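Colleague: Here it is, the structure in full.
Since every read-out is calculated from the coordinates, none of them should be taken as a lab result. For clarity, every value in this text was computed on a predicted model and none was experimentally measured. Here Cβ is always computed from backbone atoms with ideal geometry, including for glycine, and neighbour counts include all displayed protein chains.
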Amino acid sequence: MNFSIQDFSMDFFSLKGKVAIVTGGNTGLGQGYALALAKAGADLFIVTHGTNWDETRKLIEDEGRKVEFYKADLSKKESIPGIFDKCMELYGRLDILVNNAGTIRRAPITEYRDEDWEYIINTNLNSIYHLSQRAAKIMIKQGSGKIINIASMLSFQGGKFVPPYTASKHGVAGLTKAFANELADKNIQINAIAPGYIVTKNTEAIRNDESRNNEILSRIPAGKWGYPFDVMGTVVFLASRASDYINGHILAVDGGWLVR
């Protein structure tokens, strides 16, 4: 369908009537993604590893949106089908999948344990493949959909002491491109957000290390750490009609870290 510039509307950014699954959407950046989608009008189905979701429930319900929570261990493949069964039972559709859940464990490469490698690859990469594959089957039938993966600065760089995390985040970038190649002509857009250094509980130890904190700040052209607030608009954009011609892209939200 051809559109003229007069057809553009700010309603293209609205997510009213949409249903979104957000993995790890009860804390940190995931909570920001979930709340942003709710503020744009979407109802939420949030997959969590624990049950600490009361704060997130209140934030979303205060926006007048529906939210349901589902406890699952994404490192286990067998836990994934139930996510989609329950979401479809409750909402009857799926428009947006945000693959946010992930984990990290640090150790020198010569001391890295096999079990830690396997757990992180299963959680950060294998689960995204299986979640996206399941979501794609639903979205193909519906005729539209958005899959938003969460990449990292370590989708572009090597890092230190985190070999499986780096491998998994490089893999997330690759999966984003591979899924886009196969699903773009089915009106399904698959993109990724690569957050830079963001103020969350996970980065608290680094920020409290004066030397490391100064090293990071000296590399960021913006001269400051980001906040979950800074990625909320990005997830709404990639989940909305406004980004329908963007596919297979890794969008860095990093204050300029990668260009320094």
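Colleague: Once amide H atoms are placed 1.01 Å from N in the peptide plane, what residues at a sequence separation of 5 or more from Ala194, or on another chain, have their amide H within under 5 Å of its amide H?
Modeller: So Ala194 has HN proximity to Ala151, Leu251, Ala252, Val253.
Colleague: Right, another one. In debye to the nearest 20, how big a dipole does the stretch 66-194 give about its Cα centre with +1 on each Lys and Arg Cβ and -1 on each Asp and Glu Cβ? Don't skip to the end; give the middle numbers.
Modeller: Details: 17 positive and 13 negative charges, 63 e Å.
Roughly 300 debye for the stretch 66-194.
Colleague: Under a crude label model (7 Å from the Cα following the beta-carbon direction), how far is Ala178 from Glu204 in nanometres?
Modeller: Spacing of the two 7 Å Cα→Cβ label points: 3.7 nm.
Colleague: Before rounding to the nearest 500, sum -39500 (n - 2.57) across all DSSP H runs of length at least 4 in the chain and divide by the residue total; then give [θ] at 222 nm in deg cm²/dmol.
Modeller: -12000 deg cm²/dmol
Colleague: Residue by residue through the stretch 150-160, what is 3J(HN,Hα) from phi via Karplus (6.51 cos²θ - 1.76 cosθ + 1.60, θ = phi - 60°)? Round to whole Hz and write x for glycine and proline.
Modeller: 10, 8, 6, 4, 7, 7, 10, 10, x, x, 9
Colleague: Then there is this: Sticking with the crude label model, points 7 Å out along Cα→Cβ, report the distance from Arg105 to Phe161 in nm, one decimal please.
Modeller: Computed distance between label sites Arg105 and Phe161 equals 1.5 nm.
Colleague: Once fully extended, how much extra length lies between Arg113 and Arg93, figured as 0.36 nm per residue of separation less the alpha-carbon to alpha-carbon distance?
Modeller: Between Arg113 and Arg93, full extension yields an extra 3.1 nm.
Colleague: Taking a label point 7 Å from the Cα of Asp244 along the Cα→Cβ vector, which residues of the stretch 1-30 have an amide N closer than 18 Å to it?
Modeller: Flagged as within label range: 1-19.
Colleague: Starting with the fewest neighbours, write out Met232, Met153 ranked by other beta-carbon atoms found within 10 Å of each beta-carbon.
Modeller: Values: Met232 20, Met153 17.
In order of increasing Cβ crowding within 10 Å: Met153, Met232.
Colleague: Name the residues of the stretch 213-254 whose amide N is less than 18 Å from a point 7 angstrom out from the Cα of Glu63 along the C-beta direction?
Modeller: From the stretch 213-254, the list is 227-243.
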